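Data block below; observations after.
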Amino acid sequence: MPGNEAESDLALLIRAARGAGEIALRHWRQSPRAWDKPDGTGPVTEADLNVNVYLETLLRGARPGYGWLSEESPDSATRVNCEHVFIIDPIDGTRAFIAGERVFAHAIAVARRGVVTAGVVYLPAMDKLYAATAGGPATLNGVPILAANAASVEAARLLTGKPSLAPEHWRGTVPDLDRHFRPALAYRLCLVADGSFDGVLSFRPCWEWDIAAGSLIAQRAGALATAPNGEPLIFNAYPDPKSTGLWAAGLELHQELRGLMA
């Protein structure tokens, strides 16, 4: 993949993320209209939809040949015929956004032939912009970041939900995990990328728009981000754009966790 193509895409994604942040902050803590989606996948707000319209107009206007996969847009099989596709979560952490919390993010990525080549995760309420290309470093506000590499599960601080402690996921006894949680999955991956935490675990299927940008950022910071069986994450799947789960951690910790899996 030509490096200048990914760099050009990244510059576009950064511009888009900052514009999305301006829109979201106009609604944040202003009691935005919110309702539950009819398919039972969670809440949505007028801010989610406004950001989605802005991103689609800007990004597809700049790259009309790219496909489109967004949490807030009707899906179409035509995207799988596109060499490139935008993978978008207009607001990751909508519940946190509704509650007026700062931990919500815009997750914006480009994938080429199933592999993410550029990604941005932007938290506008904290002005934290994580970014990476497939051939460059992971950065936070332009400064390179590195993932931690805990030597053992016992020494690791892991971002994961309570369902990860279910016995059926582990060989023998459930490990004594130092478990923490953050609302937005894209942000969790970035917290691994910047060394704040040692890993992210999810045994549940993950939507592509939640993990595309963050998984690239974590990997370019030195972590591994894979499906639970260790296989690479593949993007632009259809009709069900999900991974089987997600493991992201430094090499040694990733290998140890896989060895403990059922």
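Just one of the numbered conditions (1) in a helix (DSSP H, G or I); (2) at pLDDT 95 or above; (3) not acidic (Asp, Glu) is not true of GLN30: (1). When you look at ARG188, is it under 29 Å from TRP68 (Cβ atoms), buried (at least 21 other Cβ atoms within 10 Å of the Cβ) and among the basic types (Lys, Arg), yes or no? Criteria met by ARG188. Does ASP89 satisfy being modelled with pLDDT of 95 or more, touching a strand residue (DSSP E or B) at 6+ places or on another chain (Cβ under 7 Å), buried (at least 20 other Cβ atoms within 10 Å of the Cβ) and closer than 11 Å to TRP209 by Cβ? Yes; evaluated as a whole, the condition is true for this residue. ALA111 passes every criterion in (1) closer than 22 Å to ALA147 by Cβ; (2) in contact with a strand residue (DSSP E or B) (Cβ under 8 Å, 6 or more places away or on another chain); (3) surrounded by fewer than 23 Cβ atoms within 10 Å (Cβ to Cβ) apart from (3). Only residues that are within 21 Å of TYR66 (Cα to Cα) and under 18 Å from the mean Cα position of the chain (by Cα) were counted across segment 16-48, and they come to 4.
Cβ-Cβ contacts under 8 Å between residues 6 or more apart (or on different chains), taken from a first residue in segment 116-139 that is assigned by TED's automatic domain parsing to the domain that holds GLU7 and crowded, with 24+ Cβ neighbours inside 10 Å to a second residue that is among the acidic types (Asp, Glu) and part of a strand (DSSP E or B), are listed as VAL121/ASP92. Quick one: count up the residues across segment 27-45 that are closer than 19 Å to GLU56 by Cα and loosely packed, with under 13 Cβ neighbours inside 10 Å. Qualifying residue count, segment 27-45: 0. Every test in (1) closer than 30 Å to THR133 by Cβ; (2) over 17 Å from the mean Cα position of the chain (by Cα); (3) modelled with pLDDT under 95 is passed by ARG182 save one, and that test is (2).
Can you spot a residue in segment 162-175 that is in contact (Cβ under 8 Å) with a residue 40 or more places away in the chain, assigned to a helix (DSSP H, G or I) and within 27 Å of GLU101 (Cβ to Cβ)? Scanning segment 162-175, I find at least one residue that is in contact (Cβ under 8 Å) with a residue 40 or more places away in the chain, assigned to a helix (DSSP H, G or I) and within 27 Å of GLU101 (Cβ to Cβ), so the answer is yes.
Screening SER152 on (1) buried (at least 17 other Cβ atoms within 10 Å of the Cβ); (2) of a type in the set (Gly, Ala, Ser); (3) not assigned by TED's automatic domain parsing to the domain that holds TRP247 shows it passes everything except condition (1). Checking the structure you have, find out if any residue of segment 42-55 is of a type outside the set (D, E, K, R), modelled with pLDDT under 95 and not assigned by TED's automatic domain parsing to the domain that holds PRO239. Scanning segment 42-55, I find at least one residue that is of a type outside the set (D, E, K, R), modelled with pLDDT under 95 and not assigned by TED's automatic domain parsing to the domain that holds PRO239, so the answer is yes.
Note on segment 32-77: among residues that are out of contact with any Pro (no Cβ under 6 Å at 6 or more places or on another chain) and of a type in the set (D, E, K, R), the one that is farthest from VAL110 (Cα to Cα) is ARG33. Scanning segment 225-262 for residues that are surrounded by fewer than 23 Cβ atoms within 10 Å (Cβ to Cβ), in a strand (DSSP E or B) and not β-branched (Val, Ile, Thr) returns PRO232, LYS242, MET261. Residue under question is VAL85, and the condition is that it be outside the structural domain of LYS242 (by TED's automatic domain parsing) and either touching a residue at least 24 places away in the same chain (Cβ under 8 Å) or among the small types (Gly, Ala, Ser) (or both); does it hold? For VAL85, the condition - outside the structural domain of LYS242 (by TED's automatic domain parsing) and either touching a residue at least 24 places away in the same chain (Cβ under 8 Å) or among the small types (Gly, Ala, Ser) (or both) - is met.
Please indicate, with yes or no, whether at least one residue in segment 193-210 is among the aliphatic types (A, V, I, L, M) and within 26 Å of GLY136 (Cβ to Cβ). Even if it seems obvious, please write down each step before you answer.
Step one: filter segment 193-210 for residues among the aliphatic types (A, V, I, L, M), giving 193, 200-201.
From what is left, the residues that are within 26 Å of GLY136 (Cβ to Cβ) are 193, 200.
Yes, the conditions are met somewhere in segment 193-210.
Every residue, every condition in (1) under 17 Å from LEU257 (Cβ atoms); (2) of a type in the set (Asp, Glu); (3) out of contact with any Lys or Arg (no Cβ under 7 Å at 6 or more places or on another chain), yes or no:
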site	(1), (2), (3)
LEU158	yes, no, no
GLY161	yes, no, yes
GLY172	yes, no, yes
PRO175	yes, no, yes
ASP178	yes, yes, no
LEU189	yes, no, yes
TRP207	no, no, no
SER215	yes, no, yes
LEU224	yes, no, yes
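The values are calculated or read from the model by the stated rules, or taken from the named source; none is laboratory data. For clarity, every value in this text was computed on a predicted model and none was experimentally measured. In this analysis, Cβ positions are derived from the backbone assuming ideal geometry, glycine residues included, and neighbour counts consider all displayed protein chains.
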